[in-house]
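Colleague: Questions regarding the structure given below will be posed in turn.
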2 protein chains.
Amino acid sequence: MTDQPASPSRAAATPAAPRADVGVARPLPVGAVRLLPTGVLGAWQDRNAQATIPHCIDQLEAAGNLDNYRRLVGDIDPATPYRGFIFADSDVHKVIEAVAWEIGRSGTTAFDGWLDEVIDLLARAQEPDGYLMTAIQAGLRERWADLENAHELYVLGHMVQAAVALQRCAGRDDLLRVALRFVDLVDATFGPDGERVGICGHPEIETALVELYRETGEQRHLALAQHMIDLRGTGTLVAGGLGPQYFQDHEPVRQARTVAGHAVRQLYLAAGATDVYLETGEAELLDAMHDQWVDAHERKMYISGAFGSRHRDEAFGSAYELPSDRAYAETCATIADLHWSWRMFLADGGSRYGDVVEREIHNALAASLDAGGTRFFYANPLQSRPDKHSEESAPRERLPWYPCACCPPNIARAVAQMGAYVASVTDSEIAVHQFADADIDLPEALGSGTVRVRTRYPEDGVVEVTLDGTAPAGARLALRVPAWSTSTTVDGRAADPDPDGYLRVPLADGARLELDVAPRWTVAHPRVDAVRGCVALERGPLVYAIEQADMPDGVEVDDVRVHTDSPPRVTEDGVTVSAVAVPPPSALYATLGSTAPAPARPVTVTAIPFATWGNRTPGAMRVWLPTAD
Amino acid sequence: MTDQPASPSRAAATPAAPRADVGVARPLPVGAVRLLPTGVLGAWQDRNAQATIPHCIDQLEAAGNLDNYRRLVGDIDPATPYRGFIFADSDVHKVIEAVAWEIGRSGTTAFDGWLDEVIDLLARAQEPDGYLMTAIQAGLRERWADLENAHELYVLGHMVQAAVALQRCAGRDDLLRVALRFVDLVDATFGPDGERVGICGHPEIETALVELYRETGEQRHLALAQHMIDLRGTGTLVAGGLGPQYFQDHEPVRQARTVAGHAVRQLYLAAGATDVYLETGEAELLDAMHDQWVDAHERKMYISGAFGSRHRDEAFGSAYELPSDRAYAETCATIADLHWSWRMFLADGGSRYGDVVEREIHNALAASLDAGGTRFFYANPLQSRPDKHSEESAPRERLPWYPCACCPPNIARAVAQMGAYVASVTDSEIAVHQFADADIDLPEALGSGTVRVRTRYPEDGVVEVTLDGTAPAGARLALRVPAWSTSTTVDGRAADPDPDGYLRVPLADGARLELDVAPRWTVAHPRVDAVRGCVALERGPLVYAIEQADMPDGVEVDDVRVHTDSPPRVTEDGVTVSAVAVPPPSALYATLGSTAPAPARPVTVTAIPFATWGNRTPGAMRVWLPTAD
């Protein structure tokens, strides 16, 4: 630990001392990737800094999260009731983490006063033995008495992540000192040599502890993470009505070949297990992660890059169970999968991970926010029916905050650290995974200077990459070619990617990559019953949707049938599609052929990026469009 | 009240003193309809008496329901913990009610000893002021402190129904005396002139109170029911996370035009409101019930006659939200709808109500039981995926009992009283709604003697109805013609039903009705996204399903595509269907046209009645079959 100013030597999910025999790529240090405001991702980060983070800070105050600390230390009347869900502290931690990444990105000092106040509060609220969770200290549960539901280690995990980010990005260790005292207590209590056996009902601390290890270099932090991975699935948690799958305690992590249960829990757990692999190189763990990743992304992922088909337990469903209307698709699940898929890329390589990250960023994550950056979706369904009524975590419109406010601050931290997913390096190449205006500093091994990425992506498919500096002969530039780009050129010449999905050119030369972003129709696996007979419109990385606000007079979203043989056309307002509107019959069930088909009316409908839906009059929306054929 | 033996003058949902200006038909008295063991319904009732009811009695003992009373009265150690959900008493009441209807049907005395013991227990456990609910008496909640969740009036409702049935069928009033004391307390507390304003979070008592009024003739029992209908939807209940829809408190009953929230609650409420209409003739109430019934049955009913699309709140979904795999389709919801639809028929007339009752009895209700009558489904999905894992109330296979055991005893009482739905009378006709071997005694106004129904239905479509007795000139026999029967004959001649869906002949002549039970393909409304591109196989009243146990080697249920242009063929084992098996691709999403269609393998698959699925090796099942076209 250090009191020195920011030493940007480590980035999110950076193996601290990358082992030569583990993983295939390394992340770049904090600050080395600068997303520019001229690009879609950099502009988003600016909006995050200007709107989303300040909004989150205001909401923490309004929702009482900070008063939960103040009442403990006597800054306000100690009789003030505790407010929020039991894990409300984690909202505070996530906002701190968002601020930390924003400092790392922009060097802002705008939040320093807030950080000083809040970290001081946390430090004062901490108990002498290191314990710190306001809900438990307020008496909502006995300490460690309900590991299944109390979220104690989950809350600590978020504190650790915030503390590590602050250390990395702002060089301040005040929160890290607080977190380490709590980690010491947890290690003594639940560690490999601890007094008790126990894991958290909500995985999260595992990935946090590996990040802590990367910061501290202390082997016991890695060992504690691994111990918690080892215990998961051995039945140490008492299953409730939702069964042991709910918290992935139904089978050991290394034996599981499928993802199951609460989607956010499963995906954070997988990120943590992959983190452990990245530090230990344990083949059995990677093998399990590999199969689980395929199951999650080839059988249980929404086209928007969202996860979780079920409301009841916020859970993954069966393979191919992907209803559009009842998609739970929690924002936090997409964010958790960003963590996991990025780590899987570092471990495994290949463009499919970047393809997924791109899908998530441009669709599910982008749709979770309104245009102004201060209203949020918790659930992100792919269809909103005309008579939908708002539910607790699945409202009809985005809300400024939620009683369970896990998602908004998670969005803030994910956007602030988005630069982490843009590029990676090996000893001989720099790879660009996500396309947006960016300046990327070369690490020493690859020369000196800055790789400049300039593009209007995803508006068009041209990505110009130049090296402003020098690179040794043999140093390469690798550019991800998304699987959907069927005709790709480099410097005007048709180019096929390498088997791993990347195009490679000499780094010194740079490249003008052109991807094919013509609109295209996408079909789902035939076992996805929910969207049989439908297509989705995609363009580049963007998934499109039709919304009631764009429908011609008298046409309802659910009665549109698209012509897939007529090419969609890009216009100012979106993509227009040739279709028919079919008036619905009245009978719910009818004998096949017993009724004459209703006369269809030709219509042209405009589709908009799914990411932008719900910014006008609330109404029906759907991504998957029945075909007229 | 009376201590006289059974006086079978009243039947289920019989307006006690039918008003000339209310309703269009009257039920027959208990005992007047005898379903014979040679028919499918009578055989089911025998199995109910021999297997299901005794099994339920055993399970009440094993699950501790009776001990909950014994501990209160000191028959066992008072320190014995209360067992089961808060509404466990209602399981006892429903089993008593099943026994009562069974006595009414068969005159059995086999359960008299059990009844004596249990009713004595209830009487002794009752508090001096009439209160009786073991969970509250055990201290799980304060009395009346949590009307939203404590189910106190719901539990009383079931007690009242059991008491009325016992009075009607067995002429014993011991339970009725207990129930009336509790009703008096509720009336004084929550009645029109009561001390407090309050309704139950779970509607059920409304319909029970109208039945009680039919038995006692006491106006205050009807007034109490009406008062509770009037208060519903006025916000007297504190809504939790599931919102006020959950217990239909979001809008007044007379204003609601759609069904919403917890399906069982909604359907019992509607049955109660319709019961109130049947006694008051209030047009506004019938008008609302009419629209709600159309919404429930033309927009929110599964083809099996099941209700409830959502697991989270056991609720109705949006219009046309009818997923097969995640159908909650609670058995109790189908039973509640039997109550409602029967009452709507009495109020409104027309074959659509009998059509729905038939669909429910032969499909959703029948499927909720195994072949032996002692294992039950709580949720009745229309698709079981190959990797389905068991959930609390939605297990992969039928279970002998549930922690929340509302369904099994509800099945027992529904089957025991099934004769009530078979026939009705007016001053000039007797109508037969459900077809099974039965003897039906004529009421005096229609002559004397017995109407005999003989049929192999639904195996074939021939129904012979003869009058063994005499009928006045002008007395008619009305026979329901199901909407699916496209070529119907009477005595060998083509016959079209009247506009209300009934064929009418002179009662003295009888009729040989022949319905068209050739297998047919059924399609769903195009807004039912969940089954787009699929057909269901039906035959007569039966919905069919394909099950993994019947698949040819190497063929999975979910990969079958049926040829709808090739007529299904009835065989010994079921109905065989010409189809292809299409090997699934690996990609979850693909650009339209980018992959060659997999070679399809012609197969013949056997479909079985949905009611009989799950009686062999557990495996995948589906009702809605994608077409090969």
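Colleague: Testing the spin-label approximation: label points 7 Å from Cα along Cα→Cβ at B:Asp112 and A:Asp516. State their distance in nm.
Modeller: 8.5
Colleague: Based on DSSP loop calls and a cut-off of at most 10 other Cβ atoms within 10 Å, the longest stretch of chain A free of exposed GluC sites (Glu not before Pro) is what?
Modeller: With GluC sites (Glu not before Pro) excluded where exposed in loops, chain A gives A:196-571 as its longest stretch.
Colleague: At 0.36 nm per residue, and after removing the present C-alpha to C-alpha distance, how many nm does the segment from A:Ala239 to A:Glu444 gain when stretched out fully?
Modeller: Computed gain between A:Ala239 and A:Glu444 is 68.7 nm.
Colleague: Here's something else I'd like to know. Using Cα centres only, tell me the gap between the stretch B:81-123 and the stretch B:25-57 in whole Å.
Modeller: For the stretch B:81-123 versus the stretch B:25-57, the Cα centre distance is 17 Å.
Colleague: Placing the label point 7 Å from Cα along the Cα-to-Cβ direction, what are the distances from A:Pro618 to the equivalent spots in the other copies, shortest first, in nm to one decimal?
Modeller: 4.0
Colleague: Still on this model: Between rounded, prolate and oblate, where does the stretch A:401-525 land on the alpha carbon gyration tensor, with a ≥ b ≥ c its root eigenvalues, rounded for a/c under 1.5, else prolate if a/b exceeds b/c?
Modeller: Because a/c hits 1.5 or more and a/b fails to exceed b/c, the stretch A:401-525 counts as oblate.
Colleague: Let me ask something additional. Sort shortest first the distances from A:Gly139 to its counterpart in every other copy, using label points 7 Å along the Cα-to-beta-carbon line, and give them in nm.
Modeller: Its label point is 2.0 nm from the equivalent points in the other copies.
Colleague: Got a sec? What order do B:Arg527, B:Arg622 fall in by accessible area at 1.4 Å, biggest, i.e. largest, first?
Modeller: The most accessible residue leads, giving B:Arg527, B:Arg622.
Colleague: Let me ask something additional. Can you compute the FRET efficiency between B:Asp460 and B:Glu298 using 1/(1 + (r/R0)^6), with r the Cβ-Cβ distance and R0 = 30 Å? Round to the nearest 0.05. Could you put the intermediate results ahead of the total?
Modeller: Details: r = 29 Å, r/R0 = 0.97.
Computed FRET efficiency for B:Asp460 and B:Glu298: 0.55.
Colleague: Another question, if that's okay. Report the local net charge at A:Asp509: Lys and Arg +1, Asp and Glu -1, summed over other residues whose C-beta lies under 15 Å from its C-beta.
Modeller: Within the 15 Å Cβ shell, the charges total +1.
Colleague: At a Förster radius of 35 Å, what calculated FRET efficiency corresponds to the Cβ-Cβ distance of B:Ser487 and A:Arg601, to the nearest 0.05?
Modeller: 0.50
Colleague: Evaluate E = 1/(1 + (r/R0)^6) for A:Asn615 and B:Val570, where r is the Cβ-Cβ distance and R0 equals 60 Å; express this FRET efficiency to the nearest 0.05.
Modeller: FRET efficiency, A:Asn615 to B:Val570: 0.60.
Colleague: I've got another one for you. Starting from the Cα of A:Ala79, step 7 Å along the direction of its Cβ; do the same at B:Thr80; then give the gap between the two resulting points in nm.
Modeller: 4.5
Colleague: Shortest first and in nm with one decimal, please list how far the B:Thr80 label point sits from its counterparts in the other copies (point 7 Å along Cα→Cβ).
Modeller: Output for B:Thr80: 5.1 nm, nearest copy listed first.
Colleague: Let me spell out the model: positive unit charges on the Cβ of Lys and Arg, negative unit charges on the Cβ of Asp and Glu, origin at the Cα centre of chain A. What dipole size does that give, in debye rounded to 20? Before the final figure, lay out each step's value.
Modeller: Values: 55 positive and 88 negative charges, 210 e Å.
Result for chain A is approximately 1000 debye, rounded to the nearest 20.
Colleague: Counting Lys and Arg as +1 and Asp and Glu as -1, what is the net charge of the other residues whose Cβ lies under 12 Å from the Cβ of A:Leu537? Don't skip to the end; give the middle numbers.
Modeller: Values: positive: A:Arg520, A:Arg539, A:Arg569, A:Arg622; negative: A:Glu538.
Every neighbour counted, the sum reads +3.
Colleague: Once you average over the residues of B:578-584, how many Cβ atoms of partner chains fall within 10 Å of each Cβ?
Modeller: 1
Colleague: What lysines sit close enough to A:Lys300 to cross-link, taking a C-alpha to C-alpha distance under 16 Å and skipping anything fewer than 8 places away on the same chain?
Modeller: Once the sequence-local lysines are set aside, what remains near A:Lys300 is B:Lys388.
Colleague: Given H placed 1.01 Å from N in the peptide plane, which residues other than close sequence neighbours of B:Glu429 have an amide H under 5 Å from its amide H?
Modeller: For B:Glu429, whose amide H was placed from the backbone, the distant partners under 5 Å are B:Arg476.
Colleague: Restricting to DSSP H runs of at least four residues, report the calculated mean residue ellipticity at 222 nm for chain A, -39500 (n - 2.57) per run over all residues, nearest 500 deg cm²/dmol.
Modeller: Details: 15 runs with 195 residues, N = 629.
Mean residue ellipticity at 222 nm (helix-derived): -10000 deg cm²/dmol.
Colleague: Let a ≥ b ≥ c be the square roots of the eigenvalues of the Cα gyration tensor of the protein assembly as shown; is it rounded (a/c under 1.5), or, if not, prolate (a/b larger than b/c) or oblate?
Modeller: prolate
Colleague: Kindly provide the pair-distance distribution of chain B built from C-alpha pairs, with 10 Å bins from 0 and whole-percent values in order of increasing distance.
Modeller: With a bin width of 10 Å, the distribution comes to 3, 16, 27, 27, 17, 7, 2, 0.
Colleague: What is the stretch B:165-272 by shape, rounded, prolate or oblate, if you read a ≥ b ≥ c off the alpha carbon gyration tensor as root eigenvalues and call it rounded for a/c under 1.5, prolate for a/b larger than b/c, and oblate otherwise?
Modeller: Prolate.
Colleague: Hey, how many Å between the Cα centroid of the stretch A:537-599 and the Cα centroid of the stretch B:260-327?
Modeller: Value for the Cα centre distance between the two parts: 29 Å.
Colleague: Tally Lys/Arg at +1 and Asp/Glu at -1 over every other residue whose Cβ is under 14 Å from the Cβ of B:Gly614; what's the total?
Modeller: Counting the neighbours of B:Gly614, the net charge comes to +3.
Colleague: Between the alpha-carbon centers of the stretch A:136-153 and the stretch A:399-450, tell me the distance in whole angstrom.
Modeller: Spelled out, the Cα-based centre of one part sits 34 Å from the other.
The values are calculated or read from the model by the stated rules, or taken from the named source; none is laboratory data. Just so we're clear, the structure is a prediction, and the values are computed from it rather than from any experiment. Counting neighbours? That spans all protein chains shown, and the Cβs are built from the backbone with ideal geometry, glycine included. Heads up: the accessible areas ignore ligands, DNA and RNA and are worked out on the full protein's heavy atoms, side chains in. Shrake-Rupley method; radii C 1.70, N 1.55, O 1.52, S 1.80 Å.
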